[in-house]
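For reference, the structure discussed in these notes is given below.
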Amino acid sequence: MPVETATEKAFRLLREHRLDVQRVESHDGLVVAEMQGDHATYMLGWDPGRKQWRCTCPEMKGQCSHLIALRCVVTR
Ligand SMILES: [Zn+2]
């Protein structure tokens, strides 16, 4: 069975309605979302203070499937 890439997983998570975007602030760009991952629930979003995408999962910072999915549905 082929290994699922992060991008493939991101689209699967979106198809399965696992992403819940909770806040998008237009004045500073704050984005807060919750993702039902395969193993746990993660908080993720854009942190305007640190100017970076963040996710609480243990995958590679800024490169995880959760953030790929979130960046498909929000722009800043
Ligand atoms: Zn993640």
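The values are calculated or read from the model by the stated rules, or taken from the named source; none is laboratory data. These numbers come from a predicted model, not from an experiment. Cβ coordinates were reconstructed from backbone atoms using ideal geometry, including for glycine residues, and neighbour counts include every protein chain displayed. Side chains are part of the model used for accessible areas, which takes the heavy atoms of the whole protein and leaves out ligands, DNA and RNA. Shrake-Rupley method; radii C 1.70, N 1.55, O 1.52, S 1.80 Å.
Within the stretch 31-44, the presence of at least one residue that is free of Cβ contacts under 8 Å to residues at least 12 places away in the same chain and β-branched (Val, Ile, Thr) is confirmed.
Which of the residues belonging to the stretch 1-60 are hydroxyl-bearing (Ser, Thr, Tyr) and farther than 15 Å from residue 75 by Cβ? Scanning the stretch 1-60 gives 5, 7, 41, 42, 56.
Only residues that are away from the ligand (no atom under 11 Å from the Cβ) and either at positive phi or in a strand (DSSP E or B) (or both) were counted across the stretch 20-33, and they come to 8. Residue pairs whose Cβ atoms lie under 7 Å apart, separated by 6 or more positions or on different chains, with the first residue in the stretch 1-15 and closer than 17 Å to residue 57 by Cβ and open to solvent by 50 Å² or more (accessible area, probe 1.4 Å) and the second among the basic types (Lys, Arg) and not in a loop (DSSP other than H, G, I, E, B), do not occur. Where residues in the stretch 34-61 are within 9 Å of the ligand (Cβ to nearest atom) and among the aliphatic types (A, V, I, L, M), which of them is surrounded by the fewest Cβ atoms within 10 Å (Cβ to Cβ)? Here the residue is 60.
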